[in-house]
Amino acid sequence: MSEVIDKVALRSTVQKHLSSVEKPSENTSLMNDALRKEIKSLLIQKNAVLVAHYYTDDDIQALAEDSGGVIADSLEMARFGANHPASTLVVAGVKFMGETAKILSPEKTVLMPTLEATCSLDIGCPVDDFSAFCDQHPDRKVVVYANTSAAVKARADWVVTSSIALDVVNHLTDMGEKIIWAPDQHLGGYIQRETGADMILWDGACIVHEEFKAKGILDLKAVYPNAAVLVHPESPESVVEVADVVGSTSQLLKASKEMTNDTFIVATDRGIFYKMKQASPDKRFVEAPTAGSGASCRSCAHCPWMALNSLELLRNALRDGSGEVFVDEATRVKALVPLQRMLDFQIS
C-alpha cells in the first residue's frame with residue numbers, strides 16, 4: 001500500500017535547491033596539501049574530530065583517516081560522534097548527519113563544512129506535510145530513515161538506517177505493528193517485499209540511487225560476465241532484482257572485501273570506491289550506469305550535496321566556527337527518543 005504524494009512538486013523543490021547552491025572551488029594539489037596540514041593543526045587546537053561519510057570526496061576521507069577521525073555510514077557516524085571524547089565534532093556529509101550528531105551530543109559543538117549540503121530525501125519530506133500524513137494513520141508506528149530532518153525524526157517512533165531497517169521492521173511486524181515508512185519509497189518497497197510488513201510508504205527518492213538503470217547494469221554484465229552486482233536498496237526495484245548483493249553502504253563494502261569476484265558493478269554513490277579500492281586494491285570497481293551522463297543526469301552516481309564538502313570549507317569551519325549546527329531543545333528531546341532506539345537496537 002502506498003500514499004500518493006505530489007512527486008512533480010517534490011522533484012521541482014529538489015531541483016530548485018540544487019540550482020541555487022554554489023559549487024566549491026577546485027584547488028591545486030599544492031593548495032590541498034597546505035589545507036590538510038592546517039586542518040590537522042586546527043583539529044588538535046580545537047579538540048575536534050572529523051567524522052566523514054563514505055560518499056564524501058577522497059581527500060576528505062583520507063584526512064579523516066590521517067587525523068584519527070572516522071569514515072562511516074550514517075549509523076556508525078552517529079555512534080562514533082556520540083562516544084568520542086572530542087568537544088567539537090566536524091561532520092563532513094549532509095545536514096541531517098550534523099543534526100543527528102547534535103541531537104545525540106548537545107554538549108558538543110557540531111560544525112559542518114557547509115550547511116547547504118542537504119539531501120533530496122530530507123527536502124522531499126517537509127515536517128508539516130509529513131505530520132499531517134501521519135495524523136491520518138494514528139494506528140501505525142512511524143519509522144523514518146535517517147535521511148530526514150530533526151523535526152521529522154521528532155515526529156517518529158523509530159529512526160533507522162539502511163543497515164538495520166529490515167531487522168527493525170521485522171521486529172515491529174513480529175509485535176503486530178503496522179507501519180508508516182518515510183521518506184524513500186524504493187527502500188521502503190524493498191523492506192516491504194522482504195518482510196511482508198503492512199506499510200504505507202511516503203513517496204520520496206534519492207536523486208543518486210533513483211537514476212541507476214537495470215538495463216545498463218545488464219549491458220555491463222555482458223562486458224564483465226564474472227562481475228558481482230552490488231546494489232543499495234534505495235535503488236529502483238528493477239535494479240535491486242539484478243543484484244547479487246543488496247545492502248547498506250557498509251554492507252556493500254563488506255561484500256566487496258569478502259566475495260571472490262575480481263570485478264564489481266556498484267550501484268551506489270561512487271564515493272564508496274575510495275574504501276573499496278583501499279580494501280581490495282587488486283579488484284576492479286565499475287560504476288553502474290545512471291539515467292544520463294555529464295549534463296544530462298542529475299547526480300552521475302555522486303551526490304551533488306556531498307560534493308559540496310571541500311577541504312577549504314572544512315578549514316573555514318574549524319578556523320572561524322562557521323557552519324555550526326543547532327537543534328532547538330524541544331525538537332532535540334523528541335528526536336532523541338527514536339534515535340536512541342536505533343542506537344540501542346540489537347539484532348537477535
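A short reminder: the numbers here are calculations on the coordinates, not readings from a lab. This one's a predicted model, so the numbers in the text were calculated from it and none came from an experiment. Using ideal geometry, Cβ is built from the backbone for each residue, glycine included, and neighbour counts are taken over all protein chains shown.
Residues VAL90, VAL229, arranged from fewest to most other Cβ atoms within 10 angstrom of their Cβ, appear as VAL229, VAL90. Neighbours of TYR190, meaning other residues whose beta-carbon lies under 12 angstrom from its beta-carbon, give a summed charge of -4 when Lys and Arg score +1 and Asp and Glu score -1.
For the set LYS46/LYS108; LYS213/LYS283; LYS46/LYS277; LYS102/LYS334; LYS102/LYS153; LYS108/LYS275, the pairs lying more than 20 angstrom apart at their alpha carbons are LYS213/LYS283; LYS46/LYS277; LYS108/LYS275.
Each Cα pair under 8 Å and six or more residues apart adds its separation to the average, and for the chain the resulting relative contact order is 23 percent. All other residues whose Cβ lies under 13 angstrom from that of SER280 are scored, Lys and Arg at +1 and Asp and Glu at -1, for a net of +3. Entry note, the chain: the mean residue ellipticity at 222 nm calculated from DSSP H runs of n ≥ 4, each adding -39500 (n - 2.57), is -13000 deg cm²/dmol after division by the residues and rounding to the nearest 500. In segment 40-142 the Cα-Cα distances spread across 10 Å bins starting at 0 as 15, 42, 25, 13, 4, 0 percent of all pairs.
Dimensions of the chain from C-alpha coordinates, computed as largest minus smallest value along each principal axis and given longest first, are 55, 54, 42 Å. Put the Cα centre of segment 161-213 next to the Cα centre of segment 62-98 and the gap is 26 Å. Look at LYS257, LYS221, LYS95 and count the other Cβ atoms within 10 Å of each Cβ; fewest to most, that gives LYS257, LYS221, LYS95.
Taking every alpha-carbon pair under 8 Å whose residues sit at least 6 apart, segment 231-326 reaches a relative contact order of 19 percent. The packing ranking of peptides 62-68, 133-139, 152-158, 248-254, highest mean first, is 152-158, 248-254, 62-68, 133-139, where packing means the average number of other beta carbon atoms within 10 angstrom of each residue.
Each of LEU230, LEU201, LEU35 was scored by other Cβ atoms within 10 Å of its Cβ. Arranged with the fewest first, they read LEU35, LEU201, LEU230. What shape does segment 209-287 have by the C-alpha gyration tensor, where a ≥ b ≥ c are the square roots of the eigenvalues, rounded means a/c under 1.5, and otherwise prolate means a/b greater than b/c and oblate the rest? Since a/c reaches 1.5 but b/c is at least a/b, the shape of segment 209-287 is classed as oblate.
Computed over neighbours whose Cβ is under 10 Å from that of ALA156, the net charge equals +4, Lys and Arg +1, Asp and Glu -1.
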